[in-house]
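Shown next, in structure tokens, is the structure this report addresses.
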Amino acid sequence: MEIAVIGTGYVGLVTGVCLSDLGNQVTCIDIDEEKVSTLKKGTSPIYEEGLPELLQKNIEKGHLNFTTDYKEGLVGKQVIYIAVGTPQGEDGSADLTFIHAACESIAKNLENDVIIVTKSTVPVGTNEQIKDTIQSYLTNEVTIKIASNPEFLRQGSAVHDTFHGDRIVIGSDDEQALEVLGKINADFHLPIVKTDLRSAEMIKYASNAFLATKISFINEMANLSEKIGANIDHVAKGMGMDKRIGSTFLNAGIGYGGSCFPKDTRAVISIGKQAAYDMPILENVVDANERQKGVIVDKILRRFDTVKEKTVAVLGLAFKPNTDDMREAPSISVIEKLLEEGASIKAYDPAASRNATTVLPTTINYAASIEEAVDGADIAIILTEWKGIKEFPFEKYEEHMAEPVLFDGRNCFPLEDVRNSGIEYHSIGRPSIYT
Ligand code: NAD
């Protein structure tokens with residue numbers, strides 16, 4: 001199949017690379033010239049396991065190429081995937097500026113009939129608007145069919161998820177579009193849900209809203225467990241064994257972040273407002289998540305009274321491990337609060353430090369290793385559960401810190417492992433351990 005993918009971010013690039021690996025002829029189009037020139041050299045601009053290898057392999061095989069030129073990129077394509085960003089607008093709704101611009105460029109350069117597939121997460125009804133927008137700008141007599149194929153990959157395991165996801169959702173009101181997309185996706189050998197356009201759009205938002213709710217719920221239970229002397233590890237284990245609840249997404253911590261949950265939950269609330277329907281559950285999920293980002297600083301201030309003139313080693317900056325993405329990372333608000341309270345920050349992240357410099361205050365220092373970050377620090381806090389951070393031996397905290405006090409915002413260690421380690425340890429929803 002001849003395929004074009006518009007946008008080479010986390011979703012577009014992974015989609016393009018994986019579709020080319022299945023033997024499709026794929027051209028990825030992006031307006032970012034620097035990104036496209038990096039990609040043309042076979043270098044991935046993002047940190048994703050397995051992506052560089054597949055990228056190079058398929059460029060070499062001649063299955064995959066990149067361009068900034070819509071005309072060149074769309075020639076002879078049968079299917080066009082739209083995977084541009086849909087960031088949060090000022091009022092919480094999804095900002096569709098990039099979608100609109102992509103539609104205009106597609107329409108003005110389209111020379112043959114195509115199926116347009118939206119991968120970007122868009123409010124219900126957007127695909128119908130996409131069709132209208134493209135039709136209004138068309139310069140040639142061509143027929144377009146529209147489909148929605150929302151993306152469920154997780155950053156950090158995006159390639160794996162594309163080939164091993166739980167399901168693929170395809171929505172269209174056109175039988176032939178459903179059939180063609182069914183054929184393309186059959187090669188992934190995953191369960192396929194075929195539905196109408198609006199239901200496909202809604203499945204994506206409802207899924208993310210539910211996952212965010214599960215996180216805020218377990219965090220609320222963790223905060224209560226702390227107050228009443230329960231241990232959230234045991235509570236989550238006992239809950240998760242109930243198949244109706246399920247054991248995943250029951251890890252208490254300092255809240256969700258990233259490019260999807262924060263904006264998608266707010267977008268659903270905004271869709272509700274437009275439909276004159278209040279969504280009190282989700283509104284509270286969003287508020288609870290904002291509050292949760294503050295719990296680690298509250299704990300530090302309860303323990304130390306003040307952090308003025310104290311050095312805090314921040315271990316992990318990315319919104320989750322195995323990605324360099326800093327979008328809405330809880331580390332941003334934790335660090336801002338600590339700076340406001342007068343602390344000095346020495347931060348370490350194995351992949352996200354470069355992106356962090358663009359969103360964090362310039363007053364923080366970056367360390368090249370965990371050792372360097374904790375060396376001489378008064379307090380250490382874990383904000384991202386990177387493997388290297390989880391494997392950093394407790395003795396090293398003792399070796400590098402005068403008084404090793406560790407605040408773990410991601411509950412990285414079973415309490416049994418920390419007891420007798422010689423460090424003071426505070427986590428979320430579990431009793432603290434003192435030396
Ligand atoms: P991103 O910001 O990483 O990438 C978007 C890309 O689109 C950028 O490279 C940008 O230069 C390009 N672009 C913008 N306007 C363009 C245009 N007119 N023509 C061509 N290229 C253009 O975004 P992302 O994280 O890949 O997310 C894309 C969409 O997928 C969003 O709607 C998001 O909600 C959704 N989504 C993201 C994830 C995720 O984990 N990142 C998961 C599922 C769904």
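Could you say whether any residue in the stretch 299-310 is surrounded by 22 or more Cβ atoms within 10 Å (Cβ to Cβ), touching a Phe, Trp or Tyr at 6+ places or on another chain (Cβ under 8 Å) and at pLDDT 95 or above? Yes: one or more hits. Restricting Asp278, Asp287 to residues that are assigned to a helix (DSSP H, G or I), among the acidic types (Asp, Glu), free of Cβ contacts under 8 Å to residues at least 60 places away in the same chain and out of contact with any strand residue (DSSP E or B) (no Cβ under 9 Å at 6 or more places or on another chain) narrows the list to Asp287.
Residues being under 28 Å from Ala209 (Cβ atoms) and of a type in the set (Asp, Glu) are entirely absent from the stretch 105-125. On the basis of being closer than 24 Å to Asp287 by Cα and either within 16 Å of the ligand (Cβ to nearest atom) or among the polar types (S, T, N, Q) (or both), does Asn149 make the cut? The answer is no for Asn149. The residues of the stretch 13-40 that are open to solvent by less than 10 Å² (accessible area, probe 1.4 Å) and more than 18 Å from Gln56 (Cβ to Cβ) amount to a single one, Ile29. Among residues that are in the same structural domain as Asp161 (by TED's automatic domain parsing) and either assigned to a strand (DSSP E or B) or within 12 Å of the ligand (Cβ to nearest atom) (or both), Thr38 is included. Scanning the stretch 93-115 for residues that are closer than 27 Å to Gly272 by Cβ and in a strand (DSSP E or B) yields a total of 1. Note on the stretch 46-87: residues that are within 15 Å of the ligand (Cβ to nearest atom) and open to solvent by 70 Å² or more (accessible area, probe 1.4 Å) total 4. Note on the stretch 281-291: residues that are open to solvent by 80 Å² or more (accessible area, probe 1.4 Å) and over 23 Å from Met326 (Cβ atoms) total 2. Taken residue by residue, the stretch 270-281 has at least one member that is more than 17 Å from the chain's Cα centre (by Cα) and within 16 Å of the ligand (Cβ to nearest atom). The criterion of at least 2 residues that are under 17 Å from the mean Cα position of the chain (by Cα) is met, among helices (runs of 4 or more DSSP H) falling completely within the stretch 299-388, by 330-340, 353-359.
Of all the criteria given as (1) under 30 Å from Arg291 (Cα atoms); (2) within 26 Å of the chain's Cα centre (by Cα); (3) away from the ligand (no atom under 16 Å from the Cβ); (4) open to solvent by 10 Å² or more (accessible area, probe 1.4 Å), the one not satisfied by Arg198 is (1).
Summed over the stretch 102-129, the residues that are under 21 Å from Cys260 (Cα atoms) and among the aliphatic types (A, V, I, L, M) give a count of 4. When Thr97, Thr121 are checked against the criterion of being within 12 Å of the ligand (Cβ to nearest atom), farther than 17 Å from Ala4 by Cα, among the β-branched types (Val, Ile, Thr) and open to solvent by less than 40 Å² (accessible area, probe 1.4 Å), Thr121 stands alone in meeting it.
Only one entry of Ala222, Ala267 meets the criterion of being crowded, with 19+ Cβ neighbours inside 10 Å, away from the ligand (no atom under 16 Å from the Cβ) and not charged (D, E, K, R), and that entry is Ala222. In the set Glu128, Glu175, Glu111, Glu141, only one residue is assigned by TED's automatic domain parsing to the domain that holds Tyr81, open to solvent by 50 Å² or more (accessible area, probe 1.4 Å) and touching a residue at least 40 places away in the same chain (Cβ under 8 Å); that residue is Glu128.
Counting only residues that are touching a residue at least 40 places away in the same chain (Cβ under 8 Å) and either open to solvent by 20 Å² or more (accessible area, probe 1.4 Å) or assigned by TED's automatic domain parsing to the domain that holds Asn251 (or both), the stretch 377-425 holds 6 of them. Glu2 satisfies every condition listed in (1) under 22 Å from Asn185 (Cα atoms); (2) open to solvent by less than 50 Å² (accessible area, probe 1.4 Å) except (2).
The values are calculated or read from the model by the stated rules, or taken from the named source; none is laboratory data. Fair warning: this is a prediction, and the values are worked out from it, not measured in the lab. Neighbour counts are summed over all protein chains in view; Cβ atoms, including those assigned to glycine, are modelled from backbone coordinates with ideal geometry. Please note that ligands, DNA and RNA were not included when accessible areas were found on the heavy atoms of the full protein model with its side chains. Shrake-Rupley method; radii C 1.70, N 1.55, O 1.52, S 1.80 Å.
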